[in-house]
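The values are calculated or read from the model by the stated rules, or taken from the named source; none is laboratory data. Note that the coordinates shown come from a computational prediction; the quantities given were computed from them, not determined experimentally. As a convention, Cβ positions derive from the backbone with ideal geometry for all residues, glycine included, and neighbour counts pool all protein chains shown.
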Amino acid sequence: MGLTPQSLRSRSTKADFLFSGLHLIVLWNFAVAQPLFDLFSRTAEFFVLRQSPALDVVLFAVLLSVVVPALGVLVVWGIRVVDAGLGAGLHVLLVGGLSAMLALQALQMLQTLPHVSGLVLLLGAGGIGLLASVGYHLLPLVRTFCTLLSPGIVLFPTLFLFFSPVSTLLFSSPVDIAQVKINDPPPIVLVIFDEFSSISLMDENRQIDAERYPNFAAFAEDATWFRNASTMSSWTPRAVPAILTGSYPLPNRLPTVSGYPRNIFTLLGGTYAVQAHGTITELCPHALCTQFREPWSTRMQSLLSDISIVYLHILLPEDQKSALPSLQARWRDFAGSPALLSQAEERQIPAQVWEALQDSLIARVSMHIDRPQVFSNFLRAIQPTQQPTLYYLHSLLPHAHYVYLPSGQVYSVDYGLNGLTKETWSGDEWAATQSHQRYLLQVGFVDTLLGQLITQLKAADLYEKSLIVVTADHGVSFRPHDNRRSITETNFADIMAVPLFVKAPFQQQGDILDRNVETIDILPTIADILGITLPWPVDGGSAFSSEPRAGTEKASSLSTHITLDSFDAEVRAAVKRQAQLFPPATPVLPKAAPPGLVGQRTQDLPISEDAHLAITIDQAARLAQVDPDATFLPTHLTGTLHSEEFRFIALALNGTVRAITRPWPFPVKGKYGRWSALLDPQFFRSGKNTVEAFGVTTRKDRITLVRAAGSPQSLPVFQPPTDATLLTSPDETDETIVTPSGTGQSLTP
C-alpha cells in the first residue's frame, strides 16, 4: 500500500475523486488564476488594446479559473483509473508543484536583500513545495484546509468580472448621439499617428526637413502647423481619449465609449457617417463604427499565449527572466520576439527553412497587425459619398518596432531597441543613436503614407473641401540613461511634443503658430471650424481662438509644471541635439567616428591585414541575390567582432564604405561583441552584392582599413573595458504591468 493515504488510494468513493480534484483546482486558482486576475484587474486596458469583446473576457476568466485546471484533474483521474498508485503519486506531485509556484511569488519580496539570487528563491520555493506535498500526503488537516479554500474558485473570477474595472467592458450603458446643426458639413479626416515626436520632423532651424519629409513639408504649405503642440500623456489609453474628447484624461477610466461617452464620434455621429480604422481604443459606439475582429480561435490562441508569458514574468525571479520573450514596447503577441542569430547558428538553418522563418519574423515585426495594410484599408475607404463622412485612423506608426524603410520595405527581423532595459536606455550613446536612426527612417515611411493620403483625397476630389487634422498621441525619446516613453525632467520635450497640422476646408495658405496648444484643443478646434458649440463642457479650447489659453503651463504627468517658455527651450535644444547626431542627409545617417570614411572606395584607402581580427556578418549570404524592389531588403547588417584591439568597424558595400559602427558594450542574448549597422538602400544593386567588414585604425590622422584575416573560431569576441559604466543588457528585462497611475506600462502601444 506504500505511503499513499487511504483518502488517495480509494477508487470506490466518488467523494475521494471529487475532493482530490477540488484541491488541485483550488491550488491552481491561488497559484495561477488569482495573480493574473489581480494583475489584469489593475490593467484592464490590456483587453481594450487587444479589442477583446466581452465574450472573450468572460471566457478568459472561466478558462483560467475552471476549465484549464479541470482538464488537468481529468487527466489525473484517468491515470488513477488505470493505475491508482501512479495517479495518486501524480496528484501529490501536482500539489507540491502548485504550492511551490505560490511560494515562489511570495518569496520574491526577498529579492531586495543582498546575496539572494533567483536560484536561492527557486530552491526555497521547491523546499516549501516539498513540505506542502508531504503535509498534504500525511495530514488530513492540510487536505481539509484546501477544501475550506474552495470558495476562491468562484470568488476570484467573480471579483475580476464584476468588481473591477473589467466590469465596464461587460456592461455598457446606452450612449446618446448628439444632434448638432452644421451648415454645409465638410468631410473630416482625423489621423492620429502613434509614438511620433514633432521634433523628428524638424531641421536645425525648427522648420520641417523638406528633404527627408517632403510630404509633411508640402502639407504644411496648405495647413496650419501648431509647432508647440503637446500631448497630455505618454500613454495611449489616456492620450487618445484626450484628443477625441477635448478633456484631460481621467484616472482609472478605460478608453471605451462607456468610459468617455462624450467624444467626437457621439458629437458628430448624428450628422456624419463614420469610417474608423485601426483604432485600438473603443470610443466609437458600435452603432456608428463597424469594427473588424479576428476570428475567435485566433483571438483566444493569441490571448492564451500572451497570458502564459505574462504569468512567467510574474512567477520567475528577475535574474531568471532573460530567456523569456520581452514585454517591452508591445501589447500583444509577446512570443514573437526574435533573437539575433549568430553566423554559426544561421548556417545550420537550411535555405528553405530560413525563408519560412524569415517570412514568419517579418510578419511578427509588424506587431501582428499589418500596419501598412491598415493604412491601405483606410485609404480605400476614402471615396465621395452623399452623406458627409468622418474618416478616422489611429495608425500604429511610427511606433516601435522599427523595421520599415521610407519606401515601406521591411529591412530587419529585430526590433531596433537594443540597449533598452525596463523602457530605459543604457548609457551607451551609440545604441540609443542607432535606435533613433531606425525611428527616423520609420518616420520617413509615415511621410510616404501621408503623401498617399493626400493623393487619395485629391483623386476623390475631397482634399480642398475637407477638414484635415494630422497629429499623434505622444512622442518618444532616445537619451542614454533616460526613459524611452515615461516623461522625466530631462526628456519631456521629446515625448510631449507632437505634430499637429490642421487644414480647414478650402484653406489656401499654410501658417506656423507657436501658441500654447495641447491635444485637448483638437476637438474644440474642429467644432470651431464647423461653426458649432459643443453640447458639453470640455477642458480644451479652439487653437484658433483669439483668446489665449489661461496660464502658460503645459499639462503633463510631471509633478513639476512646465511653462510654454521652458517647453519651447527644451524643444529647441532637442532639435539641435538631433541635428548634431544626424547631419542633413537622405536617408538618415548617424554621425560616427572616425569621420571621413563613408563614401570612399576601399581601393583608394590604405589596407592592411591582421590575423588577430575577425568580423562575422550574419547576412552575408543574403546579399548574394538581392531584389531592390522586394518586400524585404537586407539593409540591416549584424555580426560579431572578434578582437581585443579594434573598436570601430567599417562596412564596404560593393567596394565603397557605406557605414561605420562599433560593438555594443552590453551582451545581446548573452553574447558580447555584437554589432549592428544600416546600409543606404539606394546603393544596393540587383543581383549579387558584396559586403566586407574592416577594422579601422587612426594614427597621426591617417586612417587605415584592416582586413579581418583571423578565424572567428580561434579568436575571442570583443569585451568592453572592465571599468566601463555602460554594461546594462537589453535582455536583462524586468517588464511589469502597472496601473495607470504607475510609471510604466509594458503592454501598451
> Quick one: would you say Gly419 is over 30 Å from Asn183 (Cα atoms), modelled with pLDDT of 70 or more and touching a Ser or Thr at 6+ places or on another chain (Cβ under 6 Å)?
Replying inline: yes
>> Pairs needed: first member in segment 460-475, among the charged types (D, E, K, R); second member anywhere, part of a loop (DSSP other than H, G, I, E, B) and surrounded by fewer than 23 Cβ atoms within 10 Å (Cβ to Cβ); C-beta distance under 6 Å; at least 6 residues apart or different chains.
In response: Glu464/Phe506; Lys465/Pro186; Lys465/Pro505
>> Within segment 449-477, take every residue that is of a type in the set (A, V, I, L, M, F, W, C) and touching a strand residue (DSSP E or B) at 6+ places or on another chain (Cβ under 6 Å) and give me the one that is surrounded by the fewest Cβ atoms within 10 Å (Cβ to Cβ).
In response: Leu467
> In segment 529-540, which residues are over 16 Å from Thr471 (Cβ atoms) and either surrounded by 19 or more Cβ atoms within 10 Å (Cβ to Cβ) or out of contact with any helix residue (DSSP H, G or I) (no Cβ under 9 Å at 6 or more places or on another chain) (or both)?
Replying inline: Leu530, Gly531, Pro537
>> Among the residues of segment 663-680, are any in the same structural domain as Leu651 (by TED's automatic domain parsing), among the hydroxyl-bearing types (Ser, Thr, Tyr), part of a loop (DSSP other than H, G, I, E, B) and at pLDDT 90 or above?
In response: yes
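Regarding segment 485-501, can at least one residue be identified that is under 19 Å from Thr389 (Cα atoms) and surrounded by fewer than 24 Cβ atoms within 10 Å (Cβ to Cβ)?
First pass over segment 485-501, keeping only residues under 19 Å from Thr389 (Cα atoms): none.
Scanning segment 485-501, I find no residue that is under 19 Å from Thr389 (Cα atoms) and surrounded by fewer than 24 Cβ atoms within 10 Å (Cβ to Cβ), so the answer is no.
Being at positive phi and of a type in the set (S, T, N, Q) is the requirement here; does Asn252 meet it? Can you show your working first?
On the way: at positive phi: yes; of a type in the set (S, T, N, Q): yes.
When the stated conditions are applied, Asn252 passes them.
Within segment 577-595, is even one residue part of a loop (DSSP other than H, G, I, E, B), among the aromatic types (Phe, Trp, Tyr) and either more than 28 Å from Tyr213 (Cβ to Cβ) or in contact with a His (Cβ under 6 Å, 6 or more places away or on another chain) (or both)? Reasoning before the result, please.
Taking segment 577-595 and keeping what is part of a loop (DSSP other than H, G, I, E, B), we get 582-595.
Among the residues that remain, those that are also among the aromatic types (Phe, Trp, Tyr) are: 582.
Next cut, either more than 28 Å from Tyr213 (Cβ to Cβ) or in contact with a His (Cβ under 6 Å, 6 or more places away or on another chain) (or both) only: none.
No, segment 577-595 contains no residue that is part of a loop (DSSP other than H, G, I, E, B), among the aromatic types (Phe, Trp, Tyr) and either more than 28 Å from Tyr213 (Cβ to Cβ) or in contact with a His (Cβ under 6 Å, 6 or more places away or on another chain) (or both).
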> Inside segment 155-170, can you point out the residues that are over 29 Å from the mean Cα position of the chain (by Cα) and either touching a residue at least 40 places away in the same chain (Cβ under 8 Å) or under 14 Å from Leu254 (Cα atoms) (or both)?
Replying inline: Phe156, Leu159
>> Please count how many residues of segment 529-542 are modelled with pLDDT of 95 or more, closer than 21 Å to Asp514 by Cβ and either part of a helix (DSSP H, G or I) or touching a strand residue (DSSP E or B) at 6+ places or on another chain (Cβ under 7 Å) (or both).
In response: 1
> Out of segment 211-255, which residues are touching a strand residue (DSSP E or B) at 6+ places or on another chain (Cβ under 9 Å), more than 29 Å from Gln456 (Cβ to Cβ) and part of a helix (DSSP H, G or I)?
Replying inline: Pro237
> Mind checking which residues of segment 640-661 are in contact with a helix residue (DSSP H, G or I) (Cβ under 6 Å, 6 or more places away or on another chain) and surrounded by fewer than 20 Cβ atoms within 10 Å (Cβ to Cβ)?
Replying inline: Gly655
> In the list Ile307, Ile264, which residue meets the criterion of being in contact (Cβ under 8 Å) with a residue 24 or more places away in the chain and closer than 13 Å to Arg50 by Cα?
Replying inline: Ile307
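Take the residues of segment 165-191 that are modelled with pLDDT of 95 or more and among the aliphatic types (A, V, I, L, M): which is farthest from Arg438 (Cα to Cα)?
Residues of segment 165-191 that are modelled with pLDDT of 95 or more, as a first pass: 185-191.
Checking which are among the aliphatic types (A, V, I, L, M) leaves us with 188-191.
Values: Ile188: 32, Val189: 28, Leu190: 26, Val191: 22 Å.
Among residues in segment 165-191 that are modelled with pLDDT of 95 or more and among the aliphatic types (A, V, I, L, M), the one farthest from Arg438 (Cα to Cα) is Ile188.
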> Can you name every residue in segment 2-24 that is surrounded by fewer than 22 Cβ atoms within 10 Å (Cβ to Cβ) and either modelled with pLDDT of 85 or more or touching a Cys at 6+ places or on another chain (Cβ under 6 Å) (or both)?
Replying inline: Phe19, Gly21, Leu22, Leu24
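This table checks each residue for (1) in the same structural domain as Val32 (by TED's automatic domain parsing); (2) among the small types (Gly, Ala, Ser); (3) free of Cβ contacts under 8 Å to residues at least 60 places away in the same chain; (4) over 27 Å from Phe40 (Cβ atoms).
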residue: Ser65; (1), (2), (3), (4): yes, yes, no, no
residue: Val68; (1), (2), (3), (4): yes, no, yes, no
residue: Leu71; (1), (2), (3), (4): yes, no, yes, no
residue: His91; (1), (2), (3), (4): yes, no, no, yes
residue: Ala103; (1), (2), (3), (4): yes, yes, yes, no
residue: Ala106; (1), (2), (3), (4): yes, yes, yes, no
residue: Leu121; (1), (2), (3), (4): yes, no, no, no
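Any residue that is among the hydrophobic types (A, V, I, L, M, F, W, C) and touching a Gly at 6+ places or on another chain (Cβ under 8 Å) - is there at least one of those in segment 589-602?
Taking segment 589-602 as the starting set, the residues that turn out to be among the hydrophobic types (A, V, I, L, M, F, W, C) are 589, 592-593, 597-598.
So of that shortlist, the ones also touching a Gly at 6+ places or on another chain (Cβ under 8 Å) come out as none.
No, that holds for no residue.
Residue-by-condition table, conditions (1) in a loop (DSSP other than H, G, I, E, B); (2) modelled with pLDDT of 95 or more; (3) of a type in the set (Asp, Glu); (4) in the same structural domain as Arg622 (by TED's automatic domain parsing):
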| residue | (1), (2), (3), (4) |
| --- | --- |
| Thr698 | no, no, no, yes |
| Thr704 | no, no, no, yes |
| Pro720 | yes, no, no, no |
| Thr725 | yes, no, no, no |
| Pro730 | yes, no, no, no |
| Glu735 | yes, no, yes, no |
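Restricting segment 596-619 to residues that are among the small types (Gly, Ala, Ser) and part of a loop (DSSP other than H, G, I, E, B), which is farthest from Met202 (Cα to Cα)?
Within segment 596-619, the subset among the small types (Gly, Ala, Ser) is 596, 599, 608, 611, 614.
Restricting the remaining residues to those that are part of a loop (DSSP other than H, G, I, E, B) gives 596, 599, 611.
Numbers: Gly596: 25, Gly599: 26, Ala611: 46 Å.
Checked segment 596-619; the qualifying residue farthest from Met202 (Cα to Cα) is Ala611.
Yes/no per residue for (1) modelled with pLDDT of 95 or more; (2) among the hydrophobic types (A, V, I, L, M, F, W, C); (3) in the same structural domain as Leu534 (by TED's automatic domain parsing); (4) under 27 Å from Leu288 (Cβ atoms):
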| residue | (1), (2), (3), (4) |
| --- | --- |
| Ser117 | no, no, no, no |
| Val134 | no, yes, no, no |
| Val142 | no, yes, no, no |
| Phe162 | no, yes, no, no |
| Phe193 | yes, yes, yes, yes |
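At pLDDT below 95 and touching a helix residue (DSSP H, G or I) at 6+ places or on another chain (Cβ under 6 Å): which single residue out of Leu110, Leu71, Leu93, Leu104 fits that description?
Exactly one residue qualifies, and that residue is Leu104.
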>> Return the residues of segment 170-198 that are buried (at least 23 other Cβ atoms within 10 Å of the Cβ) and more than 19 Å from Ile264 (Cβ to Cβ); say none if nothing qualifies.
In response: Glu195, Phe196, Ser197, Ser198
> Counting only residues that are assigned to a loop (DSSP other than H, G, I, E, B) and polar (S, T, N, Q), which one in segment 50-94 is surrounded by the fewest Cβ atoms within 10 Å (Cβ to Cβ)?
Replying inline: Gln51
> Which helices (runs of 4 or more DSSP H) does segment 283-378 wholly contain that include 2 or more residues that are at pLDDT 50 or above?
Replying inline: 296-315
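Of the residues Ile495, Ile512, Ile526, Ile520, only one is touching a residue at least 24 places away in the same chain (Cβ under 8 Å), touching a strand residue (DSSP E or B) at 6+ places or on another chain (Cβ under 8 Å), part of a helix (DSSP H, G or I) and not aromatic (Phe, Trp, Tyr); which?
On the way: Ile495 fails: touching a strand residue (DSSP E or B) at 6+ places or on another chain (Cβ under 8 Å); Ile512 fails: part of a helix (DSSP H, G or I); Ile520 fails: touching a strand residue (DSSP E or B) at 6+ places or on another chain (Cβ under 8 Å).
Of Ile495, Ile512, Ile526, Ile520, the one residue that is touching a residue at least 24 places away in the same chain (Cβ under 8 Å), touching a strand residue (DSSP E or B) at 6+ places or on another chain (Cβ under 8 Å), part of a helix (DSSP H, G or I) and not aromatic (Phe, Trp, Tyr) is Ile526.
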